[in-house]
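J.: Submitted below is the structure of interest, expressed as structure tokens.
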Amino acid sequence: MKCLICVDLSDAERVVERAAPYLAEASEAVVVCAVDERASRGYGMMMRGLLGRRARDTELKPTALESAEETVRRAVEGLRRARPDLPAEGRTLSGRPGEEISALVREEGFDAVLLGRGNTGPEVPVELSGTVCGWRTNHHGDRDGLLLDVGEAAPVEVRFPPHRGEAVGRAFSEGEEVRVSGVRRGEHVHAYTLSGPAGEPAVEAHRPPEKESGPGRVHLGHVARFVTDHVECDVVLIS
């Protein structure tokens, strides 16, 4: 059985350690780390907000690729320690992680994919106020987030769907104060509403879910959800 183990910069050791018990019938394994081509663009926008200029992608991508290569190297070493009898190799991919991983599975005929669930923590409600200091855009050039200066070392990344980007852009400009209501997901805030300081009507970004009793919901990360929906082999989600 040919297995693909997907890691990222933050969870490589955990995923490999927890994947090892599922590899009893594996004949070979490939460890892969995909570098999101949009990551350098987002970092560039943050630098633009902080420094007043856009950092060049060509300056950022080599660093991201080097980090991914080092992550894969360490992950393969960990896998070989756990399963010294299992042939293993490592690779890096560049592009949209979900799409690149799914394409690799189809092209090379993997029998199983093992990857982290992604955004596994409960959603934490949050309300923030700060100044808009930059914007995120997707690969189509549509706004899908903003950078909020809340007086800390780094701005907070606030995300909203691209179809709401035009409305948010009309309502707020760089340098203006914004109040954000939403939930924290990993390193960013998933916005429900954005409003000005003077009681202006709020701009709805995402529709808030209906309130539920009990512990917070556990969400599947974007990459895990995409891969699960687009490959035909077995998928093991590592918590």
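J.: State yes or no: is Glu13 surrounded by fewer than 17 Cβ atoms within 10 Å (Cβ to Cβ), farther than 26 Å from Arg136 by Cα, modelled with pLDDT of 90 or more and of a type in the set (Asp, Glu)?
T.: no
Per-residue answers, yes or no, for (1) within 19 Å of Val126 (Cα to Cα); (2) touching a strand residue (DSSP E or B) at 6+ places or on another chain (Cβ under 9 Å); (3) outside any loop (DSSP other than H, G, I, E, B):
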{"site": "His140", "(1), (2), (3)": "no, no, no"}
{"site": "Leu147", "(1), (2), (3)": "yes, yes, yes"}
{"site": "Gly151", "(1), (2), (3)": "yes, yes, no"}
{"site": "Glu157", "(1), (2), (3)": "yes, yes, yes"}
{"site": "Glu166", "(1), (2), (3)": "no, yes, yes"}
{"site": "Gly169", "(1), (2), (3)": "no, yes, yes"}
{"site": "Glu174", "(1), (2), (3)": "no, yes, no"}
{"site": "Arg179", "(1), (2), (3)": "yes, yes, yes"}
{"site": "Gly182", "(1), (2), (3)": "yes, yes, yes"}
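J.: Right, something else. Looking at Leu79, is it among the hydrophobic types (A, V, I, L, M, F, W, C) and at pLDDT below 85?
T.: Taking the combined requirement at face value, the residue does not satisfy it.
J.: Another question, then. Give all pairs with beta carbons closer than 6 Å in which a residue from segment 213-237 that is among the β-branched types (Val, Ile, Thr) and modelled with pLDDT under 85 meets a residue that is assigned to a helix (DSSP H, G or I) and crowded, with 18+ Cβ neighbours inside 10 Å; count only pairs at least 6 apart in sequence or on separate chains.
T.: From segment 213-237, the pairs are Val223/Pro97; Val223/Gly98.
The values are calculated or read from the model by the stated rules, or taken from the named source; none is laboratory data. A quick note: this is a predicted structure, and the numbers were derived from the prediction, not measured. Every residue, glycine as well, gets a Cβ built from its backbone with ideal geometry; the counts of neighbours run over all protein chains shown.
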